[in-house]
Amino acid sequence: MFFAACLTIFLSCNNKDYKEVPDEKKMTLKDSIKRGEYLVKTIGCHDCHSPKRMTERGPEEIPELALSGHQAGDSLPAITSELLQSGWMLMSADLTTAVGPWGVSFAANLTSDDTGIGSWTMERWKTAMREGKLKGDKQGRMMLPPMPWQNFGKLTDEDLESMFKYLKSTKPVENAVPPPIPPNKLDSLKTSS
């Protein structure tokens, strides 16, 4: 009896019609954008790319400027030479500016405006995230710290595509982020300690 039951189970497994197994469901555009929003919010893109105002609870995102990067025309606080020389990296109070051995870097505008990623293609986005190339330009310079492109490069194509679709769906915020300041120009920003 036991042998007959095992034989029946074995034969039923072999008789499976695999043509009936459904294909994996592809995400709709709406699902992909929703997934992208989830990733952008949980991975921490807003931490550096969204300007903030200081409140009694610390920095708080300014919703109308979400993901628009360091604001053009904002002034930088004085940079203390002693801290940089002792190995510190500095960040502005709204976290959109970082200072270190590479100079000063400014968080990019990630909104759908042309001053952000509005004119980018998916290919440029993937080049930026996987190869660390500024604006996805294969011939251009590398993105500067603290942008963790090495981590983003480990995301799946589907995740990167979802993030891009979400960012392209955001409200455009016109903001041409200033270029970085090289280390040899830091002296003009420093104060003596």
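The values are calculated or read from the model by the stated rules, or taken from the named source; none is laboratory data. If you're wondering where the values come from, they're calculated on a predicted model, not measured in any experiment. Glycine also receives a Cβ, built like all others from the backbone with ideal geometry; neighbour counts cover every protein chain displayed.
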Scan (1) under 24 Å from residue 189 (Cβ atoms); (2) surrounded by 16 or more Cβ atoms within 10 Å (Cβ to Cβ) for the single condition residue 78 breaks and write down its number. (2)
Return yes when residue 93 is out of contact with any helix residue (DSSP H, G or I) (no Cβ under 8 Å at 6 or more places or on another chain), surrounded by fewer than 19 Cβ atoms within 10 Å (Cβ to Cβ) and modelled with pLDDT of 95 or more and no when it is not. no
Restricting the range 45-81 to residues that are in a loop (DSSP other than H, G, I, E, B) and modelled with pLDDT under 90, the one farthest from residue 169 (Cα to Cα) turns out to be 78
Here the qualifying pairs (Cβ atoms under 6 Å; residues six or more apart or on different chains; first in the range 113-128 and of a type in the set (Val, Ile, Thr); second part of a helix (DSSP H, G or I) and surrounded by 18 or more Cβ atoms within 10 Å (Cβ to Cβ)) come out as 117/167; 127/136
Could you please give the count of residues in the range 145-178 that are in contact (Cβ under 8 Å) with a residue 24 or more places away in the chain, surrounded by fewer than 18 Cβ atoms within 10 Å (Cβ to Cβ) and in a loop (DSSP other than H, G, I, E, B)? 9
Being under 26 Å from residue 150 (Cβ atoms), touching a Phe, Trp or Tyr at 6+ places or on another chain (Cβ under 8 Å) and either at pLDDT 85 or above or part of a loop (DSSP other than H, G, I, E, B) (or both) narrows it down to one residue among 87, 36; which is it? 36
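Quick grid of which residues meet (1) touching a Leu at 6+ places or on another chain (Cβ under 9 Å); (2) assigned to a helix (DSSP H, G or I); (3) aromatic (Phe, Trp, Tyr):
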| position | (1), (2), (3) |
| --- | --- |
| 83 | yes, yes, no |
| 95 | no, no, no |
| 98 | yes, no, no |
| 109 | yes, no, no |
| 116 | yes, no, no |
| 124 | no, yes, no |
| 127 | no, yes, no |
| 130 | yes, yes, no |
For the range 115-124, the count of residues that are farther than 18 Å from residue 171 by Cα and either among the hydrophobic types (A, V, I, L, M, F, W, C) or buried (at least 20 other Cβ atoms within 10 Å of the Cβ) (or both) equals 1
